[in-house]
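What follows is one structure encoded as structure tokens, with my remarks underneath.
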Amino acid sequence: MIKNIAIDSFINLDKTIPVADVRTPAEFEHGHIPGAYNIALFSNEERVKVGTTYKQQGREKAILLGFDLTGAKWSGFIQQALEIAPDKKIALHCWRGGMRSGAMAWALDLYGFEVYLLEGGYKKYRRWVLDQFGEQYNLMVLGGMTGSGKTLILHQLHELGEQVIDLEDLAQHNGSSYGSMNKLLQPSQEQFENDLATQLVQLDKNKLLWIEDESITIGKRSIPNGLWDQMKRASLLNIKVPLIQRIDFLVQEYGQLDKDFLIECTQRIWKRLGPEQTKNAVTAITEGRMADFISLVLVYYDKTYRTGIGKRSPDAIYELDCVDTNAAKNAAQILEYTHRITGALSPAN
């Protein structure tokens, strides 16, 4: 049985029903529904051949070529579907909900699957993703200078039952010139948006949502404009951690990284650091004086942070002194503080 369903119903399908994306591996890698499996009807090269045939010779010739290319593959497609959906219930989509997903749905239905086919395909899903960034969220932005331990505090807030979105985790980047940590690989912009929308739709919009203060770009990924506009207008809780505590925190986080990586990242921002500061920072890295290196680059990052926070409305900024970078202690202190200030900032019970 094949059931054609709209995007809202597709999003709210029972989570035990797996999603199969029948687009090519290249399309899937560029961006896909989080958690989806790829059962590619065509290889990347085959899709080009079918598309060229469609443009030059028409739809019917393209369909015939498609069957020629996939003729020996159908039993394999069914085996793949059985592996991910042994109870024979599966959701399917291609790019626009056309021939590829239609052909796969027909074959799986013939074999006895219950198939949920997304109307409009992945293209419709992408419209739904972008719509999520225009929704209104009850944001509280967690700010603080570099080395304040904001990300760890967010994780602690989550452990305490708060709603949290970790943008840096979704972007796989820590936000600074050193943010790749010499190991993180960023998803495509499209996949970053898909993953973000998946988290946003699960939120209770009546409850507070904690999100870290970021620039509009995190590495090479950009925060979608709708959400970014809300972040700029939202109240910001600025935690103030002593400089020596921040330096110690960053030495622990970055001090063990490869020196060549640190030097390369430092030289990348030489125009903002200045030639003398850059030279001194590189020398400190080379000589293993990590605290000195951190102190030098923090001059730039602290200045940048102060500039950014200066663009916010003073009425929307709240400040809280923290004695160190103990995330659990600071998270508890933050929650106690937000309960004492205006009701608009208090996390919903």
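Every read-out reported here was derived from the displayed coordinates using simple, explicitly stated rules and does not represent laboratory data. Keep in mind that what you see is a predicted model, and the values were worked out from it rather than measured. Backbone-built Cβ (ideal geometry, glycine too); neighbour counts: all protein chains shown.
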Once normalised by the length of region 1-70, the mean sequence separation of its alpha carbon contacts under 8 Å that are 6 or more apart gives a contact order in percent of 23
Checking Met181, Met231, Met140 against a Gaussian network model of the chain (alpha-carbon springs below 10 Å), the top fluctuating residue turns out to be Met181
Taking alpha-carbon centroids only, region 179-235 lies from region 277-307 a number of Å equal to 27
Taking Cα atoms only, helix 59-70 is inclined relative to the longest principal axis of the chain by an angle, in degrees rounded to 10, of 80
Partner aspartates and glutamates whose C-alpha sits under 18 Å from that of Lys311, ignoring same-chain residues fewer than 8 away, are Glu212, Asp213, Glu214, Asp229, Asp302, Glu319
Restricting to Cα pairs under 8 Å and 6 or more apart, the percent relative contact order of the chain works out to 18
Non-local residues with an amide H under 5 Å from the amide H of Lys89, with H modelled 1.01 Å from N and Pro and chain starts lacking one, are Glu114
Which of (1) 34; (2) 20; (3) 15 gives percent of Cα pairs over 38 Å apart as computed here? It is (1)
Cross-link reach from Lys61 to aspartates and glutamates, straight Cα distance under 16 Å and at least 8 residues apart if same chain, gives Glu46
Any trypsin sites (Lys or Arg not before Pro) in region 99-206 that lie in a DSSP loop and have at most 15 other Cβ atoms within 10 Å would be Lys183, Lys205
Rounded to the nearest 10 degrees, the helix 259-268 long axis (Cα) sits at an angle to the longest Cα principal axis of the chain of 90
Among Ala328, Ile63, Thr24, the residue whose Cα sits farthest towards the positive end of the charge dipole of the chain, when +1 is placed on the Cβ of each Lys and Arg and -1 on the Cβ of each Asp and Glu, is Ile63
Length gained if Asp166 through Trp270 is fully extended, taking 0.36 nm per residue and subtracting the Cα-Cα distance, is 34.6 nm
In a Gaussian network model of the chain with springs linking alpha carbons closer than 10 Å, the residue among Leu142, Leu335, Leu64 that fluctuates most is Leu64
Over 24 Å (Cα to Cα) among Lys15/Lys123; Lys183/Lys205; Lys3/Lys124 -> Lys183/Lys205
Tilt, helix 121-132 to longest principal axis of the chain (alpha-carbon atoms), in degrees rounded to tens, equals 30
A correct Stokes-Einstein calculation for region 173-328, using the alpha-carbon Kirkwood radius, 37 °C and 0.692 mPa s, returns a whole-number D in µm² s⁻¹ of 186
Computed over region 2-130, the relative contact order (Cα-Cα under 8 Å, seq sep at least six) in percent reads 34
Over all Cα pairs of region 2-130, the Kirkwood radius sets Rh, and Rg/Rh then becomes 0.95
Low-density loop trypsin sites (Lys or Arg not before Pro), region 1-93, at most 15 other Cβ within 10 Å, DSSP non-H/G/I/E/B, are Lys15, Lys88
